Amino acid sequence: MELPFAESYKIKMVEPIHRSTREQREQWIKEAHYNLFNLKSSQVFIDLLTDSGTGAMSDKQWSEMMIGDESYAGASSYFKMKGAIKKILGFEYFLPTHQGRAAENVLFSVLVKEGDIVPGNSHFDTTKGHIEYRKAKAVDCTIDEAFDTTLLHPFKGNLDLNKLEKVLSSNPTDKIPFIIITVTCNSSGGQPVSLENMKEVRKLADKYNKMVVIDAARFAENAYFIKKREKACENMSIKQIVLEMFATADATTMSSKKDAIVNMGGFIGMRDEDLFRKASVFNIMFEGFITYGGMSGRDMNALAQGLDEGTEFDFLETRVEQVAYLGKRLRDFGIPIQEPAGGHAIFVDAKRFLPNLPKEEFIAQTLGVELYIEAGVRGVEIGTLLADRDPNTRLNRYPELEFLRLAIPRRVYTNNHMEYVAIALGNVFERRNEIKKGFKILYEAPIMRHFTVELEKL
Ligand code: F0G
């Protein structure tokens, strides 16, 4: 018999989690104004809110924590992180930041000005936020296939080269500071970008003399998909693929809370010394001195180790195949998801799940609340609440897709937990026709409202 698939690690430390009753959950979510971010973690049984900063560090990462160098300037931990970034991503220059959005804030302070246009593949919300906050515009050039959740396409994160060239050729050249490639593309469902597509984007960037920036949060999962799905790369190691991916870029912003498997941290990688010098000024202002930038020495050590572990095939296989397993179990129940399964999460297609709910009533949020009440499982809305209002008209922006994202933390839950989640959502699916009402907004912030929004049941 062929040996079954099994996790590439064993568990050395555990944290108890607790179940609750439906009555308790109904009360708690009401008190939380139907915003899943407002729940206490103790009120959640299985937490799939995010895979960001929620992973389990390895024994080697924890031992690195013990030998961190907490010197303000020139710490050995800084050099360890610098070495790992050079070796694994290939960037000569780097600045540590406390997380990914901080890296965006620092880099965009140098590069983005009012009136600019930044084309890319479904920019993540903080990325778009940092662009729009500077009165610039993010233009989505993701391939159309990404918006049909039923379609099986190996690289739904790809940029549409025609859309991209149209943006590049029809705007004044000084208005486009760079092209951004997000790997994997979180907003389209944790979908990968092919190496071929990245190389084509580089060619276009060269033709129009533009910089390419990679939003690298889940670069290693992206490399895993490239190895599995791109014929030309099947015999390359993950680390070789990673180097080739980053060779297409001039700079990168990284949320290390994902594929570097740390609880906090980020960085900017750069090739150009002049850009590094300019960004250093903002880093010192917003984050900290250039050799720690918002991170402790111990965290820089764990990050360096995490970059190495996070780019090992065995780890990635365990990780991505667990996500695929949840996808398969949901599919068994007939639950509509973004196909194929993503790298870090399953994106449930809420519009197809609850076809009778009007978009004005926040479909994916309604589904998220129902899943929480059903079983204490917390996902997150990737839909109208997250899309924010149009900065000019202030009208709701209704995205083409309404998702409930079930993001799986790295090395944290077992496949039994995945089974529990699948059955919970299966139960909601069975009673989907009884879900007839959604929510209306009581309070919302002017930007990034989904974090703090307060809702009322209709
Ligand atoms: N880019 C991408 C693609 C992301 O997914 C995130 C964060 C960021 C940038 C910002 O990084 O959180 O370290 O400041 N995504 C988290 C999520 C929050 O749940 O998907 P950060």
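Observations, loosely collected:
- Note: the range 1-82, Cα convex hull, 211 Å³ per residue.
- Here's the list of lysines a cross-link from residue 278 could span, going by alpha-carbon distance under 17 Å and ignoring same-chain residues fewer than 8 apart: 113.
- Computed from the C-beta positions of residue 314 and residue 452, the FRET efficiency with R₀ = 51 Å rounds to 0.80.
- Radius of gyration and Dmax over the Cα atoms of the range 154-225, both given in Å: 12.2, 37
- Modelled label positions at residue 8 and residue 400, each set 7 Å beyond Cα in the direction of Cβ, lie 3.4 nm from each other.
- Cross-link pairs beyond the 23 Å C-alpha cut-off, checked among 10/80; 351/436; 163/207; 87/257: 10/80
- Between residue 390 and residue 18, the modelled labels are 4.8 nm apart [label points 7 Å from Cα along Cα→Cβ].
- In straight-distance terms, cross-link reach from residue 30 covers every one of the aspartates and glutamates whose alpha-carbon lies under 13 Å from its own, apart from those fewer than eight places away in the same chain; here that gives 370, 454, 456.
- Filtered GluC sites (Glu not before Pro), the range 68-112: DSSP coil and at most 16 other beta carbons within 10 Å: 70, 92
- For the range 214-313, taking Cα atoms only, Rg and Dmax work out to 14.7, 45 Å respectively.
- Longest to shortest principal axis, alpha-carbon extents of the range 305-458, angstrom: 47, 37, 24
- Relative packing of peptides 402-410, 278-286 - highest average C-beta neighbours within 10 Å first: 402-410, 278-286
- Per residue, the convex hull volume that the Cα atoms of the range 74-174 enclose (Å³): 151 Å³
- Dividing the convex hull volume of the alpha-carbon atoms in the range 247-361 by its residue count gives 177 Å³ per residue.
- A full extension of the chain between residue 332 and residue 79 corresponds to an added length of 86.2 nm, given 0.36 nm per residue minus the alpha carbon distance.
- Summed side-chain charge close to residue 117 - residues other than residue 117 whose Cβ falls under 10 Å, Lys, Arg +1, Asp, Glu -1: +1
- With 0.36 nm allotted per residue and the present C-alpha distance subtracted, the residue 65-residue 137 stretch has 21.9 nm of extension available.
- Note on the range 59-309: Cα convex hull, mean projected area over all directions, 12.8 nm².
- The string of couplings for the range 341-349 from the Karplus curve (6.51, -1.76, 1.60, θ = phi - 60°) is 4, x, x, 10, 7, 9, 9, 7, 7 Hz, one whole number per residue in order, with x for Gly and Pro.
- Percent carbon-and-sulfur accessible area, the range 324-458, ignoring ligands, DNA and RNA, probe 1.4 Å: 51 percent
- Other-chain or far-sequence residues with amide H under 5 Å of residue 142's (modelled H): 122, 160
- Entry for the chain at q = 0.12 Å⁻¹: log10 I(q)/I(0) = -1.05, Debye formula applied to identical alpha-carbon scatterers, no solvent contribution.
- Other residues within the sphere of radius under 11 Å centred on the Cβ of residue 318, judged by their own Cβ, net out at -2 (K and R +1, D and E -1).
- Listed residue pairs exceeding 31 Å between alpha carbons, taken from 156/359; 86/328; 135/231: 86/328; 135/231
- Computed over the chain, the per-residue total of -39500 (n - 2.57) for DSSP H runs of n ≥ 4 gives a 222 nm mean residue ellipticity of -12000 deg cm²/dmol, rounded to 500.
- Solvent-accessible surface (1.4 angstrom probe) belonging to residue 7, in square angstrom, nearest 10: 80 Å²
- Residue-normalised accessible area of the chain, given per residue in Å² at a 1.4 Å probe: 42 Å²
- The portion of the accessible surface of the range 59-309 made up by carbon and sulfur, rounded to a whole percent, is 54 (1.4 Å probe; DNA, RNA and ligands excluded).
- The residues neighbouring residue 362, those whose beta-carbon lies less than 10 Å from its own, together hold a net charge of -2 under the Lys/Arg +1, Asp/Glu -1 convention.
The values are calculated or read from the model by the stated rules, or taken from the named source; none is laboratory data. Model, not experiment: these values are computed from the prediction. Cβ coordinates were reconstructed from backbone atoms using ideal geometry, including for glycine residues, and neighbour counts include every protein chain displayed. Heavy atoms of the whole protein, side chains included, go into the accessibility calculation; ligands, DNA and RNA do not. Shrake-Rupley method; radii C 1.70, N 1.55, O 1.52, S 1.80 Å.
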